[in-house]
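Structure, as structure tokens:
The values are calculated or read from the model by the stated rules, or taken from the named source; none is laboratory data. The shown structure was predicted, so the numbers you read here are calculated from the model rather than taken from an experiment. Note that we place each Cβ from the backbone using ideal geometry, even for glycine, and neighbour counts take in every protein chain shown.
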Amino acid sequence: MTRSTPVILWFRNDLRLADNKALQSAISSRAPVIPLYVLDHNTPGRWSRGGASNWWLAHSLTSLAADLEARGARLVLRRGPAEDVLAELISQTKATAIYCSRCYEPWAAEQERALHARFAADGVSFKRFAGHLLREPEDVRTKANDPFKVYTPFWRALSQGFVPADPLSAPRKISVPESLPASDDLSSWRLLPTKPDWAGGLRENWRPGEAGARARLKTFVTGALATYADNRNRPGIAGTSRLSPHLAFGEITPAACWHAATHASAANRGLDKGCETFLKELAWREFSYALLHNWPTLPEAPFNASFAAFPWLVNKDHLKAWQRGLTGYPIVDAGMRELWHTGYMHNRVRMIAASFLIKHLLIPWQDGEAWFWDTLVDADLANNAASWQWVAGSGADAAPYFRIFNPILQGRKFDPDGAYVRKWVPEIAGLPDNVLHAPWEAGEHELRHANIMLGRTYPMPLVEHGAARARALRAYEAIKR
């Protein structure tokens with residue numbers, strides 16, 4: 001390989017310069033590097049990025065491009081099937097190697113195998129590197145060398161004696177060819193909404209990009225980590241890390257998060273409980289990816305095959321009411337409105353809202369999964385699929401189907417002062433705490449004082465909890481038989 005022969009650094013779900021093994025290896029080759037991002041809507045099929053993810057992607061790419069320019073490089077943007085784009089770029093530049101980070105989605109795994117075979121025949125190396133996970137799915141197995149189906153032993157196997165390698169620093173300079181190939185203009189991809197521009201809440205709440213990820217991690221370990229074990233379940237409190245979209249786009253690695261939390265805990269023993277809980281949440285992400293890797297149909301088909309016969313209902317009006325946050329159950333509606341406004345929903349409320357759709361309305365979990373995929377800035381196929389199946393009772397190590405969240409009690413338990421509901425469902429904010437999570441229990445005077453007309457200014461419940469619970473249990477009995 002001569003100094004003038006370039007290599008391609010293909011960015012995927014690793015939109016960062018620090019702790020990027022593919023980038024470091026490309027630089028270590030001492031060849032000029034062509035940084036590339038491919039917008040490929042074709043290969044993922046129905047799992048092409050949704051609207052909220054596209055918004056994040058646009059801003060993350062802008063951040064990445066600026067970071068590359070500060071090091072003497074330029075991000076090349078191309079659109080189309082990745083295999084065709086890479087082949088064309090190799091033809092144009094005579095590049096002799098492709099460096100990239102590994103992805104785990106079913107189509108991505110197939111694509112990696114196809115690319116390796118295709119380009120090897122042409123004498124082009126296809127070099128793939130880990131980094132999106134703490135450990136690779138093949139490395140965390142049972143003693144019988146089978147994939148884990150239960151989280152707790154998976155956590156033990158992953159974490160016992162485990163310390164991730166120290167994160168790599170970002171390079172100071174990146175050598176590029178004298179002439180870089182042509183690039184698309186990012187604006188031509190139309191990733192950002194315009195008419196209408198629904199992204200105001202996203203802009204208010206998020207800072208996409210590697211610098212934003214580092215800032216978010218620092219804020220978390222110096223603040224909410226101390227009380228994370230308890231406050232992560234309180235949606236009205238800023239008690240979570242909010243790192244999920246940064247992890248989904250690879251703006252920061254789970255190893256960097258692990259190190260930051262454990263270092264903070266070592267310096268302050270009062271953080272031990274919060275740190276352990278946070279590491280277990282990182283491990284749930286790992287478990288979800290291991291499930292997707294070993295069972296590629298996880299996003300579409302129930303992990304527990306008996307649920308294929310579940311007697312779901314088709315009710316477009318109920319689905320739409322759930323999507324719009326108009327179910328009549330305040331904690332559910334608050335979550336769905338937070339999602340629409342910010343591209344995010346508190347994890348505890350995700351479980352409540354998902355349970356309501358699946359068990360109160362008997363609407364298939366795949367419909368909820370698809371809505372989350374389009375509206376979440378942290379849309380992540382492994383996490384999304386595994387979590388929806390967990391709530392549905394059809395997944396690996398799932399909550400039993402008969403565990404049906406009571407949205408009234410869940411609201412009162414986890415939003416006792418009503419801070420979350422009052423923020424996102426302001427039309428009932430004037431109700432006292434004791435009836436806020438069940439407005440239909442309010443007296444006529446309380447409703448009038450709060451300027452509420454049930455059924456007009458705020459909906460009556462789509463279904464009554466007791467009846468819906470009984471119906472869900474009957475449906476479950478049907479598949480058990």
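Mind checking which residues of the range 106-153 are small (Gly, Ala, Ser), assigned to a helix (DSSP H, G or I) and buried (at least 16 other Cβ atoms within 10 Å of the Cβ)?
Ala108
Which residue pairs have Cβ atoms closer than 7 Å, lie 6 or more positions apart in sequence or on different chains, and pair a first residue in the range 195-211 that is at positive phi with a second residue that is among the small types (Gly, Ala, Ser)?
Partner pairs satisfying both residue conditions: Gly209/Ser60; Gly209/Ser63.
Does Tyr476 meet the test of being modelled with pLDDT under 95, of a type in the set (Ser, Thr, Tyr) and assigned by TED's automatic domain parsing to the domain that holds Tyr401?
When the stated conditions are applied, Tyr476 passes them.
Tell me which residues, restricted to the range 417-436, are in a loop (DSSP other than H, G, I, E, B) and within 14 Å of Val349 (Cβ to Cβ).
Correct list: Gly418, Val425.
In this structure, does Arg412 turn out to be of a type in the set (D, E, K, R), surrounded by fewer than 24 Cβ atoms within 10 Å (Cβ to Cβ), free of Cβ contacts under 8 Å to residues at least 40 places away in the same chain and part of a helix (DSSP H, G or I)?
Values: of a type in the set (D, E, K, R): yes; surrounded by fewer than 24 Cβ atoms within 10 Å (Cβ to Cβ): yes; free of Cβ contacts under 8 Å to residues at least 40 places away in the same chain: yes; part of a helix (DSSP H, G or I): yes.
The answer is yes for Arg412.
With the condition being over 18 Å from Trp424 (Cα atoms), I'd like the helices (runs of 4 or more DSSP H) fully within the range 296-389 carrying at least 3 qualifying residues. Steps first, answer last, please.
Details: elements: 316-324, 330-342, 347-355, 365-375.
Per the criteria, 316-324, 365-375.
When both residues are 6+ apart or on different chains and their Cβ atoms are under 6 Å apart, which pairs have a first residue that lies in the range 450-472 and is without any contact (Cβ under 8 Å) to a residue 24 or more places away in the chain, and a second that is not in a helix (DSSP H, G or I)?
Hits for this filter: Ala450/Gly430; Ala450/Leu431; Leu454/Met460.
Find all pairs meeting these conditions: Cβ atoms under 8 angstrom apart; at least six residues apart or on different chains; first residue within the range 377-396 and more than 17 Å from Pro44 (Cβ to Cβ); second residue at pLDDT 95 or above and acidic (Asp, Glu).
Trp388/Glu369
Here is a check on your reading of the model: is Ala238 closer than 30 Å to Lys423 by Cβ, in contact with a Cys (Cβ under 7 Å, 6 or more places away or on another chain) and either in a loop (DSSP other than H, G, I, E, B) or among the hydrophobic types (A, V, I, L, M, F, W, C) (or both)?
No; evaluated as a whole, the condition is false for this residue.
Output the residues belonging to the range 156-177 that are assigned to a helix (DSSP H, G or I), out of contact with any Leu (no Cβ under 9 Å at 6 or more places or on another chain) and either closer than 16 Å to Leu68 by Cα or in contact (Cβ under 8 Å) with a residue 60 or more places away in the chain (or both).
none
How about the range 304-330: which of its residues are closer than 30 Å to Lys149 by Cα and among the small types (Gly, Ala, Ser)?
Ala305, Ser306, Ala308, Ala309
Condition first: in a loop (DSSP other than H, G, I, E, B) and surrounded by 19 or more Cβ atoms within 10 Å (Cβ to Cβ). Now tell me which residues in the range 51-94 satisfy that.
Ala73, Leu75
So, in the range 437-465, exactly how many residues are under 29 Å from Arg232 (Cβ atoms) and not in a loop (DSSP other than H, G, I, E, B)?
Residues in the range 437-465 being under 29 Å from Arg232 (Cβ atoms) and not in a loop (DSSP other than H, G, I, E, B): 4 in total.
Looking at Ala58, Ala52, Ala95, which is the one that is more than 30 Å from Ala165 (Cα to Cα), in contact (Cβ under 8 Å) with a residue 40 or more places away in the chain and touching a Gly at 6+ places or on another chain (Cβ under 7 Å)?
Working: Ala58 fails: touching a Gly at 6+ places or on another chain (Cβ under 7 Å); Ala95 fails: touching a Gly at 6+ places or on another chain (Cβ under 7 Å).
Within the list Ala58, Ala52, Ala95, the selection yields Ala52.
Can you tell me how many residues in the range 245-275 are surrounded by fewer than 16 Cβ atoms within 10 Å (Cβ to Cβ) and either assigned to a helix (DSSP H, G or I) or at pLDDT 95 or above (or both)?
6
Could you please let me know if Leu180 is among the hydrophobic types (A, V, I, L, M, F, W, C), in contact with a Lys or Arg (Cβ under 6 Å, 6 or more places away or on another chain) and touching a residue at least 60 places away in the same chain (Cβ under 8 Å)? Before you say what the answer is, go through the steps one by one.
Values: among the hydrophobic types (A, V, I, L, M, F, W, C): yes; in contact with a Lys or Arg (Cβ under 6 Å, 6 or more places away or on another chain): yes; touching a residue at least 60 places away in the same chain (Cβ under 8 Å): yes.
Answer is yes for this residue.
In this structure, is Ser188 part of a loop (DSSP other than H, G, I, E, B) and on the phi < 0 side of the Ramachandran plot?
No: the conditions fail for Ser188.
Would you tally the residues in the range 436-474 being of a type in the set (Phe, Trp, Tyr) and touching a helix residue (DSSP H, G or I) at 6+ places or on another chain (Cβ under 8 Å)?
Number satisfying all stated conditions: 1.
Tell me which residues, restricted to the range 191-235, are in a loop (DSSP other than H, G, I, E, B) and either touching a Lys or Arg at 6+ places or on another chain (Cβ under 7 Å) or of a type in the set (Gly, Ala, Ser) (or both).
Scanning the range 191-235 gives Ala199, Gly209, Gly223, Asn233, Pro235.
Tell me the residue from Asp122, Asp84, Asp67 that is at pLDDT below 95 and either touching a Phe, Trp or Tyr at 6+ places or on another chain (Cβ under 7 Å) or assigned by TED's automatic domain parsing to the domain that holds Ala31 (or both), please.
So the residue among Asp122, Asp84, Asp67 that is at pLDDT below 95 and either touching a Phe, Trp or Tyr at 6+ places or on another chain (Cβ under 7 Å) or assigned by TED's automatic domain parsing to the domain that holds Ala31 (or both) is Asp122.
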